[in-house]
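Below: one structure, written as structure tokens.
The values are calculated or read from the model by the stated rules, or taken from the named source; none is laboratory data. Since the model is a prediction, treat every value here as computed from it, not as a measurement. No Cβ is skipped: glycine too gets one built from the backbone with ideal geometry, and neighbour counts run over all protein chains shown.
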């Protein structure tokens with residue numbers, strides 16, 4: 001365990017030195033602030049809690065941005081160190097390969113959590129300071145959104161490590177990472193929509209739809225944040241959420257499986273790898 | 001002498017390439033051994049086997065009595081390793097880098113300052129990012145991390161490649177200091193010449209096989225390479241005046257001659273040549289260089305018992 005913490009601390013140290021932490025936090029904060037102030041303008045005084053609107057707009061943003069940040073952070077983790085030659089030296093130390101991956105995971109997750117918490121937190125804080133009334137329900141939804149955003153980030157960090165273990169070169173890993181991002185964030189949903197259009201209103205068996213939504217971690221995240229409470233009415237996801245049997249618990253579990261499975265596969269492959 | 005590393009009939013394949021075929025040797029406490037071979041001869045693979053980074057496909061590797069590739073890697077606590085063309089995390093400073101490796105080895109970080117002094121890494125450089133380091137400084141930092149925790153075995157993979165002669169010399173002085181502490185030092189290199197007087201023993205590998213193993217004296221003897229004796233003749237004298245007609249003299253320049261002679265005939269020939277001091281004005285005895293010995297073993301694949 002101590003080795004894992006040593007590696008994690010080094011990743012964080014490096015992240016701070018490379019301005020990675022600063023850059024991602026500022027990026028998320030800037031976008032969150034923009035969305036929360038521009039986004040609250042059109043609603044006027046219709047009795048909707050402004051923070052709910054922020055939750056809706058921020059989670060839509062998260063679906064694009066957080067996986068991208070996570071993949072950029074993680075795709076290089078193994079293959080990059082291999083190529084630079086630092087991995088060889090590291091593995092000659094009394095440390096297991098699993099510990100290396102778990103340590104990196106912990107470090108990268110900490111960086112991403114920090115950026116999400118403070119970047120998005122800035123938006124909530126700004127709303128509070130400008131005198132907007134925030135109900136405790138909305139605050140809870142906001143906290144849940146930050147938590148699940150970190151989970152979504154963790155999913156893509158884990159996927160990034162798997163890519164990084166499989167790829168023989170950094171550039172390959174980068175290419176695969178972009179492909180994976182495009183697939184989960186854009187292509188998958190477009191294909192799903194296309195499929196529904198082709199089906200011409202023939203009702204899809206609801207079990208199949210549920211499965212299709214859980215298989216993509218970004219959809220699980222979307223449903224988790226936009227499928228309940230005030231957000232569902234605002235985002236129009238309520239209609240879909242009403243159709244599925246997916247409870248928040250199942251969605252959370254789906255995200256957890258999406259973290260554990262790639263991470264396990266990555267550590268197993270990395271442990272067997274010949275240097 | 002206690003063996004710290006023993007490799008028995010080890011073999012290792014990467015796909016279809018047999019990087020190491022059948023190699024056996026032992027390294028003893030306090031011994032400095034040079035592992036010499038061409039690029040791609042299997043030196044780095046052997047070092048990786050000793051580190052437990054890869055598992056042998058055949059045979060066994062024992063380091064300090066244990067298999068380095070299994071268990072809780074306790075063996076690696078007592079190992080120091082300097083990889084070929086070592087690299088570090090560019091954004092961290094030298095001090096942070098060494099502190100990171102010290103933590104992994106559970107060594108008191110306070111030891112770091114003494115190590116920086118020992119490897120000659122200047123104080124003002126220690127707190128600069130590694131990105132700004134020259135090759136020599138990086139190599140010093142590499143050596144500092146290898147020396148963490150007073151290792152019993154030091155594996156140095158081409159430690160002097162790319163260093164300037166002054167640095168190289170300093171580097172070997174450091175190695176000499178370490179020898180006296182009972183550390184086993186394995187130096188890999190593709191140049192034998194610079195290892196003269198530095199290594200107790202030389203192991204030559206070629207094409208994944210051990211081509212020779214012994215002290216430099218042993219290797220010289222086994223190779224039976226001729227010593228070359230060169231003379232400069234005095235004015236008006238010729239080869240016949242030398243009185244050494246058993247040797248075949250070869251003209252190498254204006255009034256210089258050279259003969260190759262087997263080790264056992266060397267003294268006799270020298271005696272003959274110097275019997276008439278008036279005939280010659282100069283005399284050189286050229287023992288076979290280490291590179292000659294090396295080339296001989298690589299060409300002939302002579303196996304030593």
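The residues of the stretch B:163-173 that are assigned to a helix (DSSP H, G or I) and within 19 Å of residue B:86 (Cβ to Cβ), listed by number, are B:167, B:168, B:170, B:171, B:172. Looking only at residues that are more than 24 Å from residue A:17 (Cα to Cα) and without any contact (Cβ under 8 Å) to a residue 60 or more places away in the chain in the stretch B:75-91, which one is farthest from the other protein chains (Cβ to nearest Cβ)? Restricting to residues being more than 24 Å from residue A:17 (Cα to Cα) and without any contact (Cβ under 8 Å) to a residue 60 or more places away in the chain, the top hit is B:75. Scanning the stretch B:160-194 for residues that are surrounded by fewer than 20 Cβ atoms within 10 Å (Cβ to Cβ) and within 19 Å of residue B:297 (Cβ to Cβ) yields B:190, B:191, B:193, B:194.
Within the stretch B:189-196, identify whether any single residue is assigned to a strand (DSSP E or B) and either outside the structural domain of residue B:85 (by TED's automatic domain parsing) or within 23 Å of residue B:24 (Cβ to Cβ) (or both), and answer yes or no. Steps first, answer last, please.
So the first thing to find is which residues in the stretch B:189-196 are assigned to a strand (DSSP E or B), and the list is B:189.
Narrowing further to those that are either outside the structural domain of residue B:85 (by TED's automatic domain parsing) or within 23 Å of residue B:24 (Cβ to Cβ) (or both): B:189.
Checked against the condition, which is being assigned to a strand (DSSP E or B) and either outside the structural domain of residue B:85 (by TED's automatic domain parsing) or within 23 Å of residue B:24 (Cβ to Cβ) (or both), the stretch B:189-196 yields at least one hit.
Here residue B:151 meets the list (1) farther than 23 Å from residue B:49 by Cα; (2) within 12 Å of chain A (Cβ to nearest Cβ); (3) touching a residue at least 12 places away in the same chain (Cβ under 8 Å); (4) crowded, with 19+ Cβ neighbours inside 10 Å almost entirely, failing just condition (1). Taken over the stretch A:263-275, the residue count meeting the criterion of being surrounded by fewer than 21 Cβ atoms within 10 Å (Cβ to Cβ), away from every other protein chain (no Cβ under 14 Å) and either under 24 Å from residue A:147 (Cα atoms) or touching a residue at least 40 places away in the same chain (Cβ under 8 Å) (or both) is 3.
Out of B:176, B:160, report the one residue that is over 30 Å from residue B:11 (Cβ atoms), assigned by TED's automatic domain parsing to the domain that holds residue B:16 and either in a helix (DSSP H, G or I) or at pLDDT below 85 (or both). Let's see the steps before the verdict.
On the way: B:160 fails: over 30 Å from residue B:11 (Cβ atoms).
Exactly one residue qualifies, and that residue is B:176.
Filtered by the rule that a residue be in a loop (DSSP other than H, G, I, E, B) and away from chain A (no Cβ under 11 Å), the stretch B:49-68 gives B:56, B:64, B:65, B:67. Scanning the stretch A:126-168 for residues that are without any contact (Cβ under 8 Å) to a residue 24 or more places away in the chain and surrounded by 24 or more Cβ atoms within 10 Å (Cβ to Cβ) yields no hits at all. The residue that is farthest from residue B:234 (Cα to Cα), counting only those in the stretch B:258-278 that are surrounded by fewer than 19 Cβ atoms within 10 Å (Cβ to Cβ) and in contact with a helix residue (DSSP H, G or I) (Cβ under 8 Å, 6 or more places away or on another chain), is B:263. Apart from one condition, residue B:30 fits all of (1) over 29 Å from residue B:134 (Cβ atoms); (2) assigned to a loop (DSSP other than H, G, I, E, B); (3) within 14 Å of another protein chain (Cβ to nearest Cβ); the exception is (3).
Filtered by the rule that a residue be in contact with a helix residue (DSSP H, G or I) (Cβ under 9 Å, 6 or more places away or on another chain) and without any contact (Cβ under 8 Å) to a residue 40 or more places away in the chain, the stretch B:225-257 gives B:242, B:243, B:244, B:245, B:246, B:247, B:249, B:251, B:257. Go through the residues of the stretch B:42-54 one by one and say whether even a single one is closer than 15 Å to residue A:89 by Cα, crowded, with 23+ Cβ neighbours inside 10 Å, touching a helix residue (DSSP H, G or I) at 6+ places or on another chain (Cβ under 9 Å) and in the same structural domain as residue B:162 (by TED's automatic domain parsing). Within the stretch B:42-54 (the criterion being closer than 15 Å to residue A:89 by Cα, crowded, with 23+ Cβ neighbours inside 10 Å, touching a helix residue (DSSP H, G or I) at 6+ places or on another chain (Cβ under 9 Å) and in the same structural domain as residue B:162 (by TED's automatic domain parsing)), the answer is yes, since at least one residue qualifies. Looking across the stretch B:279-293 at every residue that is at pLDDT 80 or above and buried (at least 16 other Cβ atoms within 10 Å of the Cβ), the one that is farthest from the chain's Cα centre (by Cα) is identified as B:279. Of the set (1) at pLDDT below 90; (2) touching a helix residue (DSSP H, G or I) at 6+ places or on another chain (Cβ under 8 Å), all apply to residue B:145 but (1).
Out of the residues in the stretch A:1-12 that are out of contact with any helix residue (DSSP H, G or I) (no Cβ under 6 Å at 6 or more places or on another chain) and farther than 15 Å from residue A:113 by Cα, state the one that is surrounded by the most Cβ atoms within 10 Å (Cβ to Cβ).
Narrowing the stretch A:1-12 to residues out of contact with any helix residue (DSSP H, G or I) (no Cβ under 6 Å at 6 or more places or on another chain): A:1-2, A:5, A:9.
Filter once more, so that each one left must be farther than 15 Å from residue A:113 by Cα: A:1-2, A:5.
Details: A:1: 8, A:2: 12, A:5: 15.
It comes out as A:5.
Under the condition of being more than 14 Å from chain A (Cβ to nearest Cβ) and assigned to a loop (DSSP other than H, G, I, E, B), the residues counted in the stretch B:2-21 number 1. The set of residues in the stretch B:74-95 that are surrounded by fewer than 20 Cβ atoms within 10 Å (Cβ to Cβ) and in a helix (DSSP H, G or I) comprises B:74, B:77, B:78, B:95.
Within the stretch A:101-114, not a single residue is closer than 30 Å to residue A:275 by Cα and free of Cβ contacts under 8 Å to residues at least 40 places away in the same chain. Evaluated against (1) within 14 Å of chain A (Cβ to nearest Cβ); (2) under 18 Å from the mean Cα position of the chain (by Cα), residue B:24 falls short on exactly one condition, (1).
Is it the case that the stretch A:169-186 has a residue that's closer than 30 Å to residue B:73 by Cβ and crowded, with 20+ Cβ neighbours inside 10 Å? Checked against the condition, which is being closer than 30 Å to residue B:73 by Cβ and crowded, with 20+ Cβ neighbours inside 10 Å, the stretch A:169-186 yields at least one hit.
For a quick check of your reading: which helices (runs of 4 or more DSSP H) sit entirely within the stretch A:77-136 and have at least 3 residues that are in contact with a helix residue (DSSP H, G or I) (Cβ under 6 Å, 6 or more places away or on another chain) and away from chain B (no Cβ under 12 Å)?
Working: elements: A:79-84, A:86-91, A:97-129.
By residue number, A:97-129.
So for the stretch B:272-281 (the condition being assigned to a helix (DSSP H, G or I) and not assigned by TED's automatic domain parsing to the domain that holds residue B:178), does at least one residue qualify? Yes, that holds for at least one residue.
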